[in-house]
Amino acid sequence: AQSVSQHNHHVILSEAASLELGCNYSYGGTVNLFWYVQYPGQHLQLLLKYFSGDPLVKGIKGFEAEFIKSKFSFNLRKPSVQWSDTAEYFCAVNPQTGANNLFFGTGTRLTVIP
Amino acid sequence: DSGVTQTPKHLITATGQRVTLRCSPRSGDLSVYWYQQSLDQGLQFLIQYYNGEERAKGNILERFSAQQFPDLHSELNLSSLELGDSALYFCASSVSGTRGVEQYFGPGTRLTVT
């Protein structure tokens with residue numbers, strides 16, 4: 001079945017540590033890829049997106065993600081996390097269906113310890 | 001604040017009942033999406049409307065229905081509610097229904113079925 005996988009369910013880091021959250025998808029064809037963040041008690045916000053071109057995309061708040069087509073992956077990275085990055089992170093895929101609906105991974109909860 | 005509003009914030013109801021969730025998209029957005037976030041299923045796409053017409057359908061149960069009105073607000077109707085319908089229901093909007101267009105999410109309606 002087509003799916004989006006986020007293997008890390010809960011990640012705990014100290015401030016200034018580097019972050020990498022994995023995302024793999026199983027949709028074929030050309031896909032649009034997204035990372036969303038949900039801060040406690042808030043709505044989902046777009047961190048970054050990849051449609052085409054440079055596979056290394058930069059988003060808001062110092063986040064970046066790398067698209068590796070051969071691995072069907074779109075991992076999220078940040079060199080140095082802050083306490084304010086504590087949130088839930090969702091990877092999402094918009095498959096090559098013509099519609100704009102998103103398929104989400106199960107999310108990764110990030111806790112940053114001051 | 002994404003500009004997408006959802007009412008009510010919380011809803012508690014009993015099994016077998018029917019509820020209506022309301023979403024107002026951002027000003028100028030023509031497309032509305034509904035997503036369900038539950039502990040066991042994660043974030044799932046339910047249905048998309050564009051300018052009053054159904055555009056795409058996901059894992060929406062037959063007991064659920066939606067519509068988008070001429071003023072572009074949307075309602076999600078959930079009937080014959082079961083305990084498993086307890087979830088956070090998000091609405092998102094985008095300027096068009098075109099693939100790849102960014103979606104802006106509302107704060108969600110938390111539905112508890114007892």
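The values are calculated or read from the model by the stated rules, or taken from the named source; none is laboratory data. Model, not experiment: these values are computed from the prediction. Counting neighbours? That spans all protein chains shown, and the Cβs are built from the backbone with ideal geometry, glycine included.
Scanning the range A:35-46 for residues that are more than 7 Å from chain B (Cβ to nearest Cβ) and modelled with pLDDT under 95 yields A:Gln38, A:Tyr39, A:Pro40, A:Gly41, A:Gln42, A:Gln45. Taken over the range A:93-114, the criterion of being modelled with pLDDT of 90 or more and surrounded by fewer than 20 Cβ atoms within 10 Å (Cβ to Cβ) is satisfied by A:Thr106, A:Arg109, A:Thr111, A:Val112, A:Ile113, A:Pro114. All but one of (1) more than 12 Å from chain A (Cβ to nearest Cβ); (2) out of contact with any His (no Cβ under 9 Å at 6 or more places or on another chain); (3) over 17 Å from B:Arg26 (Cα atoms); (4) among the hydrophobic types (A, V, I, L, M, F, W, C) hold for B:Leu111, so report the exception by its number. Among (1) more than 12 Å from chain A (Cβ to nearest Cβ); (2) out of contact with any His (no Cβ under 9 Å at 6 or more places or on another chain); (3) over 17 Å from B:Arg26 (Cα atoms); (4) among the hydrophobic types (A, V, I, L, M, F, W, C), the lone unmet condition for B:Leu111 is (2). Annotation: A:Gly53 fulfils all but one of (1) more than 25 Å from B:Ser31 (Cα to Cα); (2) at pLDDT 95 or above; (3) within 14 Å of another protein chain (Cβ to nearest Cβ); the unmet one is (2).
Report whether or not B:Ser80 is among the hydroxyl-bearing types (Ser, Thr, Tyr) and surrounded by fewer than 21 Cβ atoms within 10 Å (Cβ to Cβ). Yes, satisfied.
The sole residue among B:Asp1, B:Asp29, B:Asp40 that is over 14 Å from B:Ala92 (Cα atoms) and in a loop (DSSP other than H, G, I, E, B) is B:Asp40.
Restricting the range A:1-18 to residues that are outside any loop (DSSP other than H, G, I, E, B) and aliphatic (A, V, I, L, M), the residue that is surrounded by the fewest Cβ atoms within 10 Å (Cβ to Cβ) is A:Ile12.
Per-residue answers, yes or no, for (1) within 14 Å of chain A (Cβ to nearest Cβ); (2) surrounded by fewer than 17 Cβ atoms within 10 Å (Cβ to Cβ); (3) touching a residue at least 12 places away in the same chain (Cβ under 8 Å):
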site	(1), (2), (3)
B:Gln36	yes, no, yes
B:Phe45	yes, no, yes
B:Asn51	yes, yes, yes
B:Ser74	no, no, yes
B:Ala92	yes, no, yes
